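Enquirer: Handing you a structure now.
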Amino acid sequence: FEGDGYIQPFCDSPLDNETVGENVYLNIINRAKRYMYICTPYLVIDNEMMTALCLAAKSGVDVRLMTPGIPDKKLVFLLTQSYYEQLLEAGVKIYEYQPGFLHAKSFVCDDEIAVVGTINLDYRSLYLHFECGVWMYETSAIADMKAEYLAELEKSERITEERCMQQR
């Protein structure tokens, strides 16, 4: 078998008192140096995740977050948007995907690390559900994921602080 880089599947269970999914995400956020591109259909985060994202952006990391522009659940969509203002003030760039509902869950960081799986950035996924993911390091799939993310940004609307103020 010939391959490049490393790929590690993982799972998360609410029964083992170990928040694997959240720990993987926080590890990526806290180690990012240049950029971090995140795709999530739901954004219902705790203070620890909010602080990590804001600190990364404030330290000069290009943090981009893509969420759906068309919701599947209106209440969760509104809750997701309630986090925008604080993230934007810290320098996080937020985009809403316009063609339809966005259901991807992925992190791409510094052309080195990526994760794709079932883990949303919300309380249920991070603490209550059985979830799975694939952690990748220095594999060619990361460049493909980055290219796909950037292509989807072209179909997304960038959210501004002014727009957040209008929605209040």
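Where a number appears in this text, it was derived from the coordinates with a stated rule and is not lab data. On a predicted model such as this, the values are computed, not experimentally measured, just so you know.
Enquirer: Taking Cα centroids, how far is region 1-62 from region 131-161 in Å?
Expert: 13
Enquirer: Add -39500 (n - 2.57) for each DSSP H run of 4 or more in the chain, then divide by its residues: what number comes out at 222 nm, to the nearest 500 deg cm²/dmol?
Expert: -10000 deg cm²/dmol
Enquirer: Once a ≥ b ≥ c are taken as the square roots of the eigenvalues of the Cα gyration tensor of region 1-54, is the result rounded (a/c under 1.5), prolate (a/b larger than b/c) or oblate (a/b not larger than b/c)?
Expert: On the way: a/c = 2.11, a/b = 1.23, b/c = 1.71.
Here region 1-54 falls in the oblate category.
Enquirer: What is region 48-117 by shape, rounded, prolate or oblate, if you read a ≥ b ≥ c off the alpha carbon gyration tensor as root eigenvalues and call it rounded for a/c under 1.5, prolate for a/b larger than b/c, and oblate otherwise? The partial results should precede the final answer.
Expert: Values: a/c = 2.10, a/b = 1.30, b/c = 1.62.
Oblate, since a/c reaches 1.5 and b/c is not below a/b.
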